[in-house]
Every structure is written in C-alpha cells, then in structure tokens.
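Shown next, in structure tokens, is the structure this report addresses.
Any read-out appearing in this document is the output of simple, stated calculations on the displayed coordinates, not a laboratory observation. Here the structure is a predicted model, which is why all the values come from computation and not from measurement. With ideal geometry, Cβ positions are generated from the backbone for all residues, glycine too; neighbour counts draw on all protein chains shown.
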Amino acid sequence: MKLYHNQAGTNRRILLIEPPFYRLFKKTYGLVRYPLSLAYLTASVKTKTDWDVMAYNADFLHQSDPFEVTYFKGKGFSRYRRVLSDASHRIWQEIRDVIAEYAPSVVGISAKSSTFASALRVANIAKEINPDTMVVAGGPHPSAIFSKAFAPTVSEGRSASYRNIDYFVIGEGEEAIVELLKAFEKRIDPIDIGGIACREGNGFLATPARRPVKNLDSLPFPHQYASEVLKDYDIYPLSAFSNIFATRGCPYQCFFCGSGNIWGTKVRFRSPENVVKEMVKLCSMGINDIHFDDDTFGVTNRYMEALCKTIKSSCPGIRWSCEIHVNLVNDKNISLMKEAGCSKIQLGIESGNNNILKEIRKGFTIEEALRASKLIKAHDIRLETFFMAGFPQETATSLNDTARIIESVECDKIIYSIFTPYPGTEAFDLCKAGGLIAADYDPSLYNHQSPENCFSINISPESFRKLSSRIEETVVQKNRATGSSRSQ
C-alpha cells in the first residue's frame with residue numbers, strides 16, 4: 001500500500017456522509033435522525049484529531065411522512081430505481097453542492113447493503129468535484145464484502161465498480177478513521193492500520209482484522225458535538241438525537257443477520273453508569289423518550305437488571321424503548337423494564353412456523369413467542385412485532401402459518417418485510433449456492449422494499465408474490481385497526 005492523500009497536510013477537513021435512501025422513494029420521505037454511525041465517527045474525529053469535521057445526513061428531510069412502500073405493487077420502488085440512475089436529479093445536485101462548498105480532502109461514506117448503490121454514486125460525485133479527494137467507505141456492507149478477506153485482491157470486475165473508493169473500513173470505524181486521518185496528514189503508508197482495504201492496482205488489499213473496541217466506555221458520547229458538526233442541526237427535531245447503544249455484539253446468530261460483520265458475536269457491554277450518564281445528557285437537551293439501538297436489549301439477565309436499576313434511580317420519569325429477544329422475556333425482566341420507564345418493546349418473531357424458526361436459528365418456538373407477547377402486553381407496554389416472509393426454506397404452508405399468526409398475535413403494530421439476503425450472511429451464501437442470486441449481484445435491486453425479492457427454493461416467484469401480497473394486506477388491515485402504520 002502506497003496510496004496517501006496529496007492535500008491532507010494542508011487541508012485537514014473530512015466530510016462524513018449518510019447516503020440517501022428513503023428520499024429516493026418519494027419526495028416526502030426521509031431519515032429524520034442523526035445516524036449513530038456518523039455520530040460516533042464524528043465524535044471520535046473531533047476528540048482525537050485536529051481535523052475539521054462535518055456530518056451530513058443526505059437522507060434527511062425536515063418533516064417526513066411515515067415510510068410506507070407496497071412491495072409487490074412496485075409503489076415507490078420504480079421511483080427509487082429511477083432517481084438512483086439519474087445523475088442530474090436534484091438530490092444528487094444537493095450532495096454535489098454540499099461537497100463542493102465544504103471542499104473536504106477526505107469524504108467518508110457510511111453504507112448498509114440497501115444504501116451501497118447510493119454510496120457509490122456519492123463517491124462518484126466526490127471524485128468528479130475533485131479527483132484528489134480521498135474517499136473512504138465503511139459500515140455494514142463494506143465490512144461484509146471484505147470481512148472474509150485477509151490479503152487477497154478483490155476481482156477486477158468488482159473493483160471496477162468501486163473505482164472511486166480509495167479505502168474501505170472493515171468492522172468498527174471509530175479507531176480506524178482516526179488512524180487513517182493521521183496517516184494521511186503525515187503522508188505515510190497505512191499498511192499497519194488494521195481493518196482496512198486499500199486500492200492496489202486493479203483491486204484491493206485487506207489488512208489483518210482489527211480487534212473490536214474493548215472498552216466501550218472509552219468512546220465519546222455520539223451526540224455531544226452534534227450542534228457543532230451536523231449540517232442543518234438547527235432544523236432537526238430533538239427526537240433525531242434520541243437513539244443510543246448500551247451493547248455491541250449479539251450472541252443470537254440468526255441465519256439472515258449480518259450484525260456480526262460489524263460488531264462481532266461476542267457481546268461487549270457499556271457500564272450501566274456510562275449508559276445512564278449519556279441518557280442524563282440527552283435529558284438535559286429536552287429529550288425524554290430514548291430508543292436503544294442494540295441488536296437485543298439487555299443480552300443477559302444480570303446486565304439487564306443492573307441497567308434497569310441504574311436507569312430507574314438516575315433517570316426517574318424517562319421513557320424508553322428497545323428490541324428484545326423472546327428468550328429474555330420473563331416476568332422479572334419485563335417488570336424491571338417497566339419500572340425503569342420502558343414504554344415500548346419490539347420483538348423479532350419473523351415466522352409463524354416452527355420449522356422455519358429452527359432453520360433460521362431464532363432459538364424459540366412460535367408458542368414461546370406468543371407467550372412472550374402476552375406477557376409484555378400484560379405489563380401494559382406497547383408491543384411491535386417483526387415478521388418476515390420469503391426465507392429460502394419457505395413453503396406455502398409456512399407462509400400461511402405466518403399469515404395466521406400475524407392475524408392472531410397480541411400486539412400494537414406489525415412490522416413486515418420481505419426476506420433479503422445480505423452479503424456476509426449464511427443466508428446470502430445459501431441463496432448464491434442455490435442459484436437464487438446472480439453472479440452480477442446488484443445491491444440496489446435487493447432491499448426489503450424490492451419487488452425483485454424472491455429467494456424461496458420451494459415456491460415459484462408468481463406464487464410467492466401472491467402469498468406475500470396477501471400477508472401484506474393482512475398487516476395493513478391489522479395496523480389500521482390498531483391505529484398504527486408502517487414506518488421507518
């Protein structure tokens with residue numbers, strides 16, 4: 001690796017960007033929050049370097065309608081594809097103007113699989129404005145596509161589509177981005193920086209994996225510099241800053257989840273005192289309703305008890321919400337959560353069929369999930385349940401079972417999606433091996449809103465669309481009956 005930045009010695013300015021996604025579907029859609037990925041990176045740059053930094057959520061819209069896309073009727077998806085391919089669209093022009101005005105020497109782009117096609121267009125724009133701009137991409141998708149690489153080059157065909165990205169950050173980025181910036185400013189080879197992939201000839205070389213951040217309490221609070229660094233901060237609602245993490249990593253290795261590519265499978269815990277200290281700061285901003293973005297809240301009974309007791313004693317009156325695993329739902333835990341201010345729980349049930357639940361390694365039965373749902377509602381906590389249709393092992397019977405459970409489950413809202421195999425997951429590898437994913441896989445085609453999604457081995461595309469459309473109609477009707485609508 002001998003690639004280093006030509007301007008960084010004099011222009012120490014980095015722009016961190018969340019690429020647009022929701023805005024591509026409809027003019028009135030947007031991501032009305034300060035993404036934690038940008039917030040953590042920005043805070044790290046701010047506290048550990050002397051670089052100027054700006055965070056730019058290019059998917060932000062001041063007032064957004066609830067995100068609602070009808071999957072198999074193509075509503076919204078055709079616009080998404082059209083805007084994505086139209087380089088002259090006003091969304092891309094806006095991004096062009098922001099980059100040109102700020103004139104950074106480094107542009108960092110955070111990308112999930114669903115936003116990776118958009119991220120590539122942002123990278124193209126940055127290079128069109130100034131070919132010397134160093135472009136760094138990180139997040140779940142880059143981590144997934146490079147996580148299995150140690151030193152081999154990526155194929156030339158793939159690297160051609162990445163031509164305007166100079167570096168990928170693999171895994172957690174807070175320490176890597178700081179080390180990269182220091183290497184750029186000193187004009188030294190970044191070969192000793194772990195967890196990156198660097199352009200080398202017609203491909204990329206990956207350095208050895210970086211160890212995850214061991215002490216999460218050492219990280220700066222993600223929102224502490226928001227007023228200084230976030231573009232358009234003044235027009236963000238307070239709710240945009242209400243998300244936090246208490247843990248990183250998840251012990252439940254679900255077949256379709258790629259969380260481990262970023263956080264790993266070994267759970268790391270912030271101390272309850274550190275979590276609550278951040279919550280108190282958010283309360284001082286006027287925020288009194290907080291959401292935990294953890295893959296699963298609490299993780300262990302011991303940590304959940306300690307965290308809930310600390311929240312209760314230090315943040316009386318606060319309201320908060322989270323996602324929890326069915327196996328952690330018991331009367332003691334839910335009572336502790338309720339007493340500590342928990343007002344909403346999200347439960348990932350996914351399927352109404354026990355064979356499917358076993359295949360995707362959820363670790364519980366549908367009977368256990370229904371009991372957990374009743375227990376949560378018995379404590380007068382709002383419950384939202386996740387269901388997904390179209391797993392590779394799916395059959396018409398299993399889909400009908402899911403439809404039946406959706407109709408009967410006791411909850412306040414159903415959050416429904418179509419199975420999407422994401423790179424870096426066992427589900428993706430299975431679908432690819434089974435010929436369900438083309439060799440020229442295009443991430444822009446496959447997300448939970450895509451009518452292109454159909455990855456069931458046992459069901460024809462036509463039958464799958466009919467069955468899934470019926471489930472969607474059931475979801476819409478049930479949510480209307482409970483006063484809920486599908487939202488981001």
Legend entry - Isolated Cys in the chain, by beta carbon distance under 4.7 Å: C198, C250, C283, C308, C315, C322, C342, C411, C431, C454
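Take the eigenvalues of the Cα gyration tensor for segment 238-481, scale each by 5, and report the square roots as semi-axes in whole Å, largest first. Could you put the intermediate results ahead of the total?
On the way: eigenvalues 220, 82, 53 Å².
Working from the Cα gyration tensor, I get semi-axes of 33, 20, 16 Å.
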Inset, instruction - Run through the DSSP bridge list for the chain and note the antiparallel percent, rounded to the nearest 5. - result: 20 percent
Legend entry - Value of [θ]222 nm, deg cm²/dmol, for the chain, DSSP H segments ≥ 4, -39500 (n - 2.57) each, nearest 500: -11000 deg cm²/dmol
Inset, instruction - Could you list which residues have their amide H under 5 Å from that of S271, counting only those 5 or more apart in sequence or on another chain, with H placed in the peptide plane? - result: D217
Inset, instruction - Name the long-range amide H neighbours of E200: under 5 Å, sequence gap of 5 or more, or other chain; modelled H, no Pro or chain starts. - result: L205
Legend entry - segment 13-206 - share of DSSP beta bridges that are antiparallel (%, nearest 5): 30 percent
Inset, instruction - Taking the Cβ of each residue in R404, R81 as the centre, tally the other Cβ atoms inside 10 Å and list the residues starting with the fewest. - result: R404, R81
Legend entry - Helix 116-129 axis, angle to the chain major axis (alpha carbon atoms, nearest 10°): 20 degrees
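Quick one: dipole size for segment 238-481, taken about the Cα centre, charges +1 on Lys/Arg Cβ and -1 on Asp/Glu Cβ, in debye to the nearest 20.
In debye, rounded to 20, segment 238-481 gives about 780.
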Inset, instruction - Provide L15, L181 in ascending order of the number of other Cβ atoms located within 10 Å of each residue's Cβ, fewest first. - result: L15, L181
Inset, instruction - Hey, can you grab everything whose amide H is under 5 Å from the amide H of Q346? Only 5+ residues off in sequence or another chain; H modelled, so Pro and N-termini drop out. - result: C322, E323, I324, E384
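Starting from the exponent 0.38 and prefactor 2.2 Å, build the expected Rg for the chain from its residue count and divide its actual Cα Rg by it.
The reported ratio for this selection is 0.96.
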Legend entry - Whole-Hz couplings from phi, Karplus 6.51/-1.76/1.60, listed for segment 102-113; x for Gly and Pro: 6, 6, x, 8, 10, 10, x, 10, 9, 9, 8, 4
Inset, instruction - Please work out, to two decimal places, the log10 of the ratio I(q)/I(0) at q = 0.11, 0.20, 0.22 Å⁻¹ from a Debye calculation in which every Cα of segment 42-131 carries one identical scatterer. - result: -0.40, -1.12, -1.27
Legend entry - Given charges at Cβ of Lys, Arg, Asp, Glu: segment 13-206 dipole, positive-most of G194, I177, P19: P19
Inset, instruction - Working from Cα positions, state the angle (0 to 90°, nearest 10) between the long axis of helix 366-378 and the longest principal axis of the chain. - result: 90 degrees
Legend entry - Karplus-derived HN-Hα couplings along segment 236-252 (A = 6.51, B = -1.76, C = 1.60, θ = phi - 60°), whole Hz, x at Gly and Pro: 6, x, 4, 4, 5, 10, 9, 9, 9, 10, 10, 9, 10, x, 9, x, 8
Legend entry - Charge dipole magnitude, Cβ of K and R +1, D and E -1 - segment 346-425, Cα centre, debye nearest 20: 140 debye
Inset, instruction - Provide the per-residue ³J(HN,Hα) series for segment 289-300, in order, calculated from phi with Karplus coefficients 6.51, -1.76, 1.60 and θ = phi - 60°, each as a whole number of Hz, with x at glycine and proline positions. - result: 9, 10, 10, 7, 8, 4, 4, 8, 5, x, 6, 10
Inset, instruction - Enter the Cα centre distance for the pair segment 398-420 and segment 286-312, rounded to the nearest angstrom. - result: 27 Å
Inset, instruction - Considering only lysines 8 or more places apart in sequence, or on different chains, count the pairs in segment 13-206 whose C-alpha atoms sit under 24 Å apart. - result: 16
Legend entry - Candidate lysines for bridging to K338, where Cα separation is under 16 Å - those fewer than 8 sequence places away on the same chain excluded: K309, K312, K374, K377
Inset, instruction - Considering the options Q477, S343, C283, tell which one lies farthest towards the positive end of the dipole of segment 238-481, charges being +1 on Lys and Arg and -1 on Asp and Glu at the Cβ, about the Cα centre. - result: C283
Legend entry - Using alpha-carbon coordinates, inclination of helix 174-186 to the longest axis of the chain, degrees: 10 degrees
Legend entry - Dipole in debye (nearest 20) - the chain, about Cα centre, beta carbon charges: Lys, Arg +1; Asp, Glu -1: 280 debye
